[in-house]
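The values are calculated or read from the model by the stated rules, or taken from the named source; none is laboratory data. These figures come from a predicted structure and were not determined experimentally. In this analysis, Cβ positions are derived from the backbone assuming ideal geometry, glycine residues included, and neighbour counts consider all displayed protein chains.
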Amino acid sequence: MKRLYGFLMHQLGRRAGLNVFRVLSQALASSPRLEPAGMEVRTLDASELLPHCSLELDLTPTMVREAARRGDVCVGALSSGQLAGYVWFARQEAPHVRGVWVRVPEQAIYRYKAFVRPEWRGRRIAPALDAFAARLFRSSGRDCFVTCIATHNFSALRASKVSGARELGTLGYWQAGSRFVAFHSAAIRRLGLRFYFRGDGNA
């Protein structure tokens, strides 16, 4: 019943232009080296990602090139040359949807656009990607990952918390064309994570 209520409220909110997310944080603490059987986990540059661009993987050449130009980092899991899953990380800003962007606070790395192929799910690929990224960014001067998850996405919220993330608060916005109003809870205001409307570079 709780999930049904959450889904219905989400649908009503989207129809009215309202989008609400939970913000979760995970410290870049010592992370175990997780390597799913038969997988190679590492960073992937644009030249390596472009051959994998497809609707199935939710990757486009434009998205990959623009992310690389901004300096975003992609960590992927490969199995015999096949891209089984990936996740992106941004240091300054990242595109959301429909011209809405996320501004990243100085002390954090923003985790976004994570995907694992359905046939590879349940093999702890996502935790392995995050663990690799935590080791990668630990010397960057940042102290945590932050991510935004829609309030109705109960499975993603549960998986993030199982992986050690903690919920910080709420971040959201109302949008009707170019009209845009963002809102956030007190903890998110202190953190400095923000949605803002830029009008270009849709993800």
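Listing for the model above:
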quantity	calculated
The one condition in (1) touching a residue at least 60 places away in the same chain (Cβ under 8 Å); (2) touching a Phe, Trp or Tyr at 6+ places or on another chain (Cβ under 9 Å) that residue 183 fails to fulfil	(1)
Strands (runs of 3 or more DSSP E) contained entirely in segment 96-198, each with at least 3 residues that are among the β-branched types (Val, Ile, Thr), crowded, with 17+ Cβ neighbours inside 10 Å and within 15 Å of the chain's Cα centre (by Cα)	144-150
Filter result for residue 162 (on the phi < 0 side of the Ramachandran plot and in contact (Cβ under 8 Å) with a residue 24 or more places away in the chain)	no
Test: residue in segment 74-84 that is at pLDDT 90 or above, of a type in the set (A, V, I, L, M, F, W, C) and in a helix (DSSP H, G or I)	no
Candidates 95, 118, filtered to the one that is at pLDDT 90 or above and over 21 Å from residue 24 (Cα atoms)	118
